[in-house]
1. Identify the residue in the range 50-64 that is within 15 Å of the chain's Cα centre (by Cα) and surrounded by fewer than 16 Cβ atoms within 10 Å (Cβ to Cβ) and, among all such residues, is farthest from Asp25 (Cα to Cα).
2. Just name the residue that is nearest to Ser74 (Cα to Cα) out of those in the range 34-59 that are without any contact (Cβ under 8 Å) to a residue 24 or more places away in the chain and among the aromatic types (Phe, Trp, Tyr).
3. Looking only at the range 38-67, count how many residues are outside any helix (DSSP H, G or I) and of a type outside the set (S, T, N, Q).
4. For the condition in a loop (DSSP other than H, G, I, E, B) and out of contact with any helix residue (DSSP H, G or I) (no Cβ under 9 Å at 6 or more places or on another chain), what is the one hit in Pro35, Pro70?
5. Here is a list of conditions, (1) buried (at least 18 other Cβ atoms within 10 Å of the Cβ); (2) among the hydrophobic types (A, V, I, L, M, F, W, C); (3) in a helix (DSSP H, G or I); (4) at pLDDT below 95, and Val102 meets all of them except one; can you say which number that is?
6. Yes or no: the range 34-42 includes at least one residue that is within 23 Å of Ala124 (Cβ to Cβ), modelled with pLDDT of 95 or more and in contact with a Cys (Cβ under 8 Å, 6 or more places away or on another chain).
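The values are calculated or read from the model by the stated rules, or taken from the named source; none is laboratory data. Only a predicted model underlies this, so the values are computations on that prediction, with no experimental measurement involved. Every residue, glycine as well, gets a Cβ built from its backbone with ideal geometry; the counts of neighbours run over all protein chains shown.
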Amino acid sequence: MTSPANTITLYDAIGGHPALKAAVDDFFARLIADPELGPFFPHGVGARHRGYLVTVLGEALGGPSRYHGPDLASAHGHLGVTDAQFDRAAGCLDETLTGLGVPRHLSDRVIGIVAGLRPLIVTA
């Protein structure tokens with residue numbers, strides 16, 4: 001039987017902060033290169049935005065840091081993101097995780113957690 005002290009978080013299972021940072025960098029590169037999603041990033045993505053996503057995802061995956069940036073709904077509300085665009089971004093995230101060698105059973109869990117953010121991001 002596994003005790004709570006021996007439970008490994010999803011954050012730790014995928015490699016912690018260094019792995020999450022690498023995933024966010026690759027993910028944003030894919031978003032920017034995508035013809036439908038790239039226009040959401042006309043000036044690219046700066047370090048602050050990357051840091052926000054590392055922290056949001058890290059917290060969602062059980063990491064130690066807590067997100068203190070802009071409210072996700074407010075930050076995305078003006079963008080008019082559709083369900084189809086959210087799904088497309090989720091596909092980019094799946095490609096990122098696969099490309100980084102994250103095992104499917106872990107990447108499916110990550111995608112499931114990110115899917116829970118849909119109501120905060122989709123506004124159109």
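1. Gly62
2. Going through the qualifying residues, I end up with Tyr52.
3. Qualifying residue count, the range 38-67: 12.
4. Pro35
5. For Val102, the failing item is (3).
6. Within the range 34-42, one or more residues are within 23 Å of Ala124 (Cβ to Cβ), modelled with pLDDT of 95 or more and in contact with a Cys (Cβ under 8 Å, 6 or more places away or on another chain).
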